[in-house]
Amino acid sequence: MTTWGLVVETTVGAGERKHIEAYVVAHVTGSRADALAELERIARRHSPEHPRSPKRRRLLRNGDGFLLVIDGAWQSFVTRFSVAELLEDSDGPVVPGPAEDPSAVPPGPAGEVPAAPASGPVAEDVERYADGVPVKPAWLGRDDLP
């Protein structure tokens, strides 16, 4: 079964600090039609932070999802709802795809499966926060940068 991510891109902040942020609000396993039905339910119930005093609310359907336009007293705020097929999730269960399936990799000369290619240099002695982000950025202290 296919897993679909339900994505909400919404306007956050106001004035010069107004910007768009994206969130995966849910996952749906099933057909694309099932995912779109759930996404429509979410879009119809969505109540964004801005504008605080909405004057007009319009929900539009497009090919990939929905677009919610809310007019405020001075500005319009937009929220986009889209459905996308989940291909990879670093925090989810590992589901081997065709390229990751060990049986899909041709065996080496002695019948062994070749090791996965290295993704680049890995610094093991780097101090990291609990979420894996390095405490000291890799670029800090380099003298070859402007």
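Details
- Taken along the Cα-to-beta-carbon direction at a fixed 7 Å, the label points for W74 and E40 span 3.7 nm.
- Dipole of the stretch 17-67, positive end: most advanced residue of H27, F66, S47 [Cβ charges, Cα centre]: S47
- Nonlocal amide H pairs with G72, under 5 Å, H built at 1.01 Å: K55, F77
- Cα centroid separation, the stretch 76-90 to the stretch 41-63 (Å): 16 Å
- Backbone N under 17 Å from the E9 label point (7 Å along Cα→Cβ), restricted to the stretch 36-72: 43, 60-70
- Estimated FRET transfer efficiency when R0 is 22 angstrom, pair L86-D64 (beta carbons, to 0.05): 0.90
- The stretch 1-71: trypsin sites (Lys or Arg not before Pro) in DSSP coil with no more than 15 other Cβ atoms inside 10 Å: K18, R52, K55
- Residue by residue, the stretch 76-83 carries 3J(HN,Hα) couplings of 9, 10, 10, 10, 9, 10, 9, 10 Hz when phi is fed to the Karplus relation 6.51 cos²θ - 1.76 cosθ + 1.60 (θ = phi - 60°); x denotes Gly or Pro.
- Residue-wise HN-Hα couplings along the stretch 25-40, as the Karplus relation 6.51 cos²θ - 1.76 cosθ + 1.60 with θ = phi - 60° gives them from phi, are 8, 6, 10, 10, 9, x, 7, 5, 4, 4, 5, 5, 5, 5, 5, 5 Hz; Gly and Pro carry x.
- FRET efficiency, 1/(1 + (r/R0)^6) with R0 41 Å, evaluated for R57 and E127 via beta carbons: 0.25
- For the stretch 24-87, the share of accessible area belonging to carbon and sulfur comes to 49 percent (1.4 Å probe, ligands and nucleic acids excluded).
The values are calculated or read from the model by the stated rules, or taken from the named source; none is laboratory data. This is a predicted model, so every value here is computed, not measured. Neighbour counts are summed over all protein chains in view; Cβ atoms, including those assigned to glycine, are modelled from backbone coordinates with ideal geometry. When the accessible area is computed, the model is the full protein with side chains, heavy atoms only, and any ligands, DNA or RNA have been set aside. Shrake-Rupley method; radii C 1.70, N 1.55, O 1.52, S 1.80 Å.
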